[in-house]
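Comments concern the structure below.
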Amino acid sequence: MGAKDMSIAIVGLGYVGLPLALQFARSGVKVLGLDIDAAKVAAINAGQSYIKHIEAATIAEMVKSERLSATTDFSRLREVEAVIICVPTPLNKNREPDVSYILKTGEAVAPHLGRGTLVVLESTTYPGTTDGDLREVLERCSGLKAGVDFHLAFSPEREDPGNPQSQVALIPKVVGGYTPACLQRARALYGRAIQTIVPVSSCRAAEATKLLENTFRSVNIALVNELKVVYGAMGIDVWEVIAAAKTKPFGFMPFYPGPGLGGHCIPIDPFYLTWKAREYGQHTRFIELAGEINTAMPAYVVNRVAEALNAQRKPLNGSRVLVLGLAYKPNVDDDRESPSYVLLDLLKQRGAETAYYDPYVPVIHPSREHSHWAGTRSVAWDRQTIASFDVVLISTAHDAINYQELADWANCIVDSRNAMASVQAPAGKVWMA
Ligand SMILES: NC(=O)c1ccc[n+]([C@@H]2O[C@H](COP(=O)([O-])OP(=O)(O)OC[C@H]3O[C@@H](n4cnc5c(N)ncnc54)[C@H](O)[C@@H]3O)[C@@H](O)[C@H]2O)c1
């Protein structure tokens, strides 16, 4: 088939799959989006967006020009020459990898796999998932052989949600193939939509690359979280120190402390490696230490709230606490694994009356992790409401929030994001956490 009429499918149209589908469509590739969520499929076909930072107009334009369509019908995979899988890879309740979404997708894809089709996994996972678990399912359910009858590869996603500077086309793409021919096919596929392709020797090397990238972040965030506590005890502002250190033009990269890790990647992915390493009798001490420090952060922040209240002769028990920012990072509407939920839980356990404000999460939807908060609504943003809380805890600092109004309206602010750094506030009103 010629490059011009390349036709592919993307399975899983979430935060990763949808931007990737749009990038391929923009590059002139015909994209069929597949998802088990019929609401997402209907939204795409109607030219609507369900992700805040993706514009409906972009989707509508691609749908109108017939370069993008969506379906729940896996039999339509017969129409495509490549299938890219972007489904979730969470941890189960015992904090172990849950690759069931990948395996279920494999079972759904296999019966419709044509000879010569390329299958690429993008979901973050442990080394061995693609050429082991996924290959096994695809071969068993299709009767075809990987590397002989169909091609197989892994290419990790490097999406940076909410960063307007981040463009899928410009982010180099690491690709590993099951065989050299698989790699060739995958390079040609991504070369259609992405400027720089970085080939590696195997699917496992590509899987391991993604885990290194995310573990690197987790470990460095743990380091600055530890320093926040240590320097805080010494009366030194860690934010000032990081700002000064980052003026070093080499050998330093800034990471920032916070109330705990959030999102679908950094709190989760390192434990995919930890789990797999055990099979080889290896221990990931660094990763686990980082996890320990990062998961201790919400309790540290809640203790700072208690100290701030104590200074006003108020107990945490019975006080009204507003958590500001529910999304896991600024300027996005994604609340998966957000530390704000851990803060809400801890505050509630200690008897506080809790509420939250987030312009991008007007109501909490049911989810795997925090169904007990489902249905709770964001409070309104006005003087009377904000002043009715004993303390406001800044958990996620969206740019759209007016921090000067917050300083003027709130009784007391506990800031875990340095959001109040350049805001005028009376002495003693803002506590760092
Ligand atoms: N969100 C990020 O910033 C990011 C960045 C890099 C890597 N990743 C990785 O990419 C993968 C996907 O993450 P995401 O954030 O896009 O998840 P998501 O939850 O936003 O999207 C996943 C989509 O897959 C669909 N789905 C689930 N099971 C399916 C099945 N059997 N068949 C078809 N569709 C199915 C869901 O309905 C959903 O629409 C994960 O492995 C994640 O770790 C995410």
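The values are calculated or read from the model by the stated rules, or taken from the named source; none is laboratory data. Model, not experiment: these values are computed from the prediction. Reconstructed Cβ throughout: ideal geometry from the backbone, glycine too, with neighbour counts over all protein chains shown. The area values use the complete protein model at the heavy-atom level, side chains included, leaving out ligands, DNA and RNA. Shrake-Rupley method; radii C 1.70, N 1.55, O 1.52, S 1.80 Å.
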> Condition test on ASP5, is it within 11 Å of the ligand (Cβ to nearest atom) and either more than 21 Å from SER123 (Cα to Cα) or surrounded by fewer than 17 Cβ atoms within 10 Å (Cβ to Cβ) (or both)?
Replying inline: no
> Would you pick out the residues in region 90-114 that are over 22 Å from ALA277 (Cβ atoms), open to solvent by less than 20 Å² (accessible area, probe 1.4 Å), in a helix (DSSP H, G or I) and touching a Leu at 6+ places or on another chain (Cβ under 8 Å)?
Replying inline: GLY106, VAL109, ALA110
> Are any residues in region 269-300 outside any loop (DSSP other than H, G, I, E, B), of a type in the set (Ser, Thr, Tyr) and either closer than 27 Å to TRP431 by Cα or open to solvent by 50 Å² or more (accessible area, probe 1.4 Å) (or both), and if so, which ones?
Replying inline: THR295, TYR300
> Could you list, in sequence order, the residues of region 171-181 that are more than 16 Å from the ligand (Cβ to nearest atom) and either assigned to a strand (DSSP E or B) or in contact (Cβ under 8 Å) with a residue 12 or more places away in the chain (or both)?
Replying inline: GLY177, TYR178, THR179, ALA181
>> Which residue is surrounded by the most Cβ atoms within 10 Å (Cβ to Cβ), if the candidates are limited to region 313-330 and must be within 9 Å of THR396 (Cβ to Cβ) and out of contact with any Leu (no Cβ under 7 Å at 6 or more places or on another chain)?
In response: LEU326
> Any idea how many residues of region 115-141 are in a strand (DSSP E or B) and either surrounded by fewer than 24 Cβ atoms within 10 Å (Cβ to Cβ) or among the polar types (S, T, N, Q) (or both)?
Replying inline: 1
> Does region 142-161 include one or more residues that are open to solvent by less than 30 Å² (accessible area, probe 1.4 Å), modelled with pLDDT under 95 and within 11 Å of the ligand (Cβ to nearest atom)?
Replying inline: yes
>> Every residue in region 13-36 that is open to solvent by 10 Å² or more (accessible area, probe 1.4 Å) and within 10 Å of the ligand (Cβ to nearest atom), please.
In response: GLY14, TYR15, VAL16, PRO19, ASP35, ILE36
>> Quick check on my filter: what residues within region 209-240 are in contact (Cβ under 8 Å) with a residue 60 or more places away in the chain and within 16 Å of the ligand (Cβ to nearest atom)?
In response: LYS210, LEU211, ASN214, THR215, SER218, ILE221
> Here are some conditions: (1) under 20 Å from the mean Cα position of the chain (by Cα); (2) near the ligand (Cβ under 10 Å from one of its atoms); (3) open to solvent by less than 30 Å² (accessible area, probe 1.4 Å). ILE84 meets all but one. Which one does it not meet?
Replying inline: (2)
> Residue check, GLU55 against (1) more than 10 Å from the ligand (Cβ to nearest atom); (2) modelled with pLDDT of 95 or more, all met but one. Which one?
Replying inline: (2)
>> Being open to solvent by 30 Å² or more (accessible area, probe 1.4 Å), of a type in the set (A, V, I, L, M, F, W, C) and in contact (Cβ under 8 Å) with a residue 40 or more places away in the chain is the filter here; which residues of region 189-204 pass it?
In response: none
>> Among (1) within 13 Å of the ligand (Cβ to nearest atom); (2) in contact with a Ser or Thr (Cβ under 8 Å, 6 or more places away or on another chain), there is one condition ALA39 misses while meeting the rest; what is its number?
In response: (2)
> Does ILE266 satisfy the condition of being of a type in the set (A, V, I, L, M), part of a helix (DSSP H, G or I) and open to solvent by less than 50 Å² (accessible area, probe 1.4 Å)?
Replying inline: no
> So which residues in region 53-76 are surrounded by 16 or more Cβ atoms within 10 Å (Cβ to Cβ) and within 16 Å of GLY17 (Cβ to Cβ)?
Replying inline: HIS53, THR58, ILE59, MET62, VAL63, ARG67, LEU68, SER69, ALA70, THR71, PHE74
